[in-house]
1. Here are Gly89, Gly114, Gly131: which of them is of a type outside the set (S, T, N, Q), out of contact with any Cys (no Cβ under 6 Å at 6 or more places or on another chain) and surrounded by fewer than 15 Cβ atoms within 10 Å (Cβ to Cβ)?
2. Name the pairs whose Cβ atoms lie under 7 Å apart, with the first residue in segment 100-116 and farther than 13 Å from Thr79 by Cα, the second buried (at least 18 other Cβ atoms within 10 Å of the Cβ) and of a type in the set (Phe, Trp, Tyr), and 6 or more positions between them or separate chains?
3. Restricting to segment 38-77, and then to whatever is out of contact with any strand residue (DSSP E or B) (no Cβ under 7 Å at 6 or more places or on another chain) and of a type in the set (A, V, I, L, M, F, W, C), can you tell me which residue is nearest to Ile138 (Cα to Cα)?
4. So, in segment 77-86, of the ones that are loosely packed, with under 15 Cβ neighbours inside 10 Å and at pLDDT 90 or above, which residue ends up farthest from Leu35 (Cα to Cα)?
5. Would you check if Ala104 is within 25 Å of Ala57 (Cα to Cα), surrounded by fewer than 14 Cβ atoms within 10 Å (Cβ to Cβ) and among the hydrophobic types (A, V, I, L, M, F, W, C)?
6. Name the residues in segment 57-98 that are free of Cβ contacts under 8 Å to residues at least 60 places away in the same chain and assigned to a loop (DSSP other than H, G, I, E, B), would you?
Amino acid sequence: MGRINYGPLIRDPKGILDGVRIDNQLQYNWMIRTLPLEPGTLASLEYKEQTVEKQEAAALSGLPGFYRGCFEAEEIGDTFLRFDGWNKGVAWINGFNLGRYWNAGPQRALYIPGPLLRKGRNELILFELHGCLETCEIELVNCPDLGRTSAVDDAVLNFVQEDNL
């Protein structure tokens, strides 16, 4: 999902680069449409309350969907948003795009800077691309979850050479 920005492979095009095929047959006369995801557009979406059965059916369908929830914050401070059970998508907090999440990892939580939160009611919007295969829950936690990390010798991180005089 990232881009190469160095070396001989600096030209790293993304997207549709050649003809589109379905079952090895080229497709013609089709159109790509953008999905505007600006804060004003997100605010204009109509969200509906659904029963648990409808929510489960929609999540298991594997189709994309927008989900909105609100929570109350008593204190403002940096926090992290976990996506246990979600697959792949984009998250907004109070209209600010936090970034993308993906269950493939390695990162399991997005950072929410304290100034993005408000005392009282806060709104979270998720655009889930693939539906959820299990119970979809979010959780605000006080520490990051970067997935599996490797141990690094502190000497490697010390770039300043100290002169022993």
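The values are calculated or read from the model by the stated rules, or taken from the named source; none is laboratory data. Every value quoted in this text rests on a predicted model; they were computed, and no experiment measured them. Every residue, glycine as well, gets a Cβ built from its backbone with ideal geometry; the counts of neighbours run over all protein chains shown.
1. Details: Gly89 fails: surrounded by fewer than 15 Cβ atoms within 10 Å (Cβ to Cβ); Gly131 fails: surrounded by fewer than 15 Cβ atoms within 10 Å (Cβ to Cβ).
None of the others qualify; the one that does is Gly114.
2. Tyr101/Phe83; Tyr101/Trp86; Asn103/Trp86
3. Initial filter on segment 38-77 (out of contact with any strand residue (DSSP E or B) (no Cβ under 7 Å at 6 or more places or on another chain)): 38-41, 43-44, 46, 48-57, 59-63, 74-77.
Next, from what is left, pick out any that are of a type in the set (A, V, I, L, M, F, W, C): 43, 52, 57, 59-60, 63, 76.
On the way: Ala43: 20, Val52: 16, Ala57: 19, Ala59: 15, Leu60: 17, Leu63: 19, Ile76: 18 Å.
In this case the residue turns out to be Ala59.
4. So the residue we want is Gly77.
5. Numbers: within 25 Å of Ala57 (Cα to Cα): yes; surrounded by fewer than 14 Cβ atoms within 10 Å (Cβ to Cβ): yes; among the hydrophobic types (A, V, I, L, M, F, W, C): yes.
Here the answer is yes, as Ala104 does meet what is asked.
6. Scanning segment 57-98 gives Glu74, Glu75, Ile76, Gly77, Asp78, Phe83, Asp84, Gly85, Trp86, Asn87, Asn94, Gly95.
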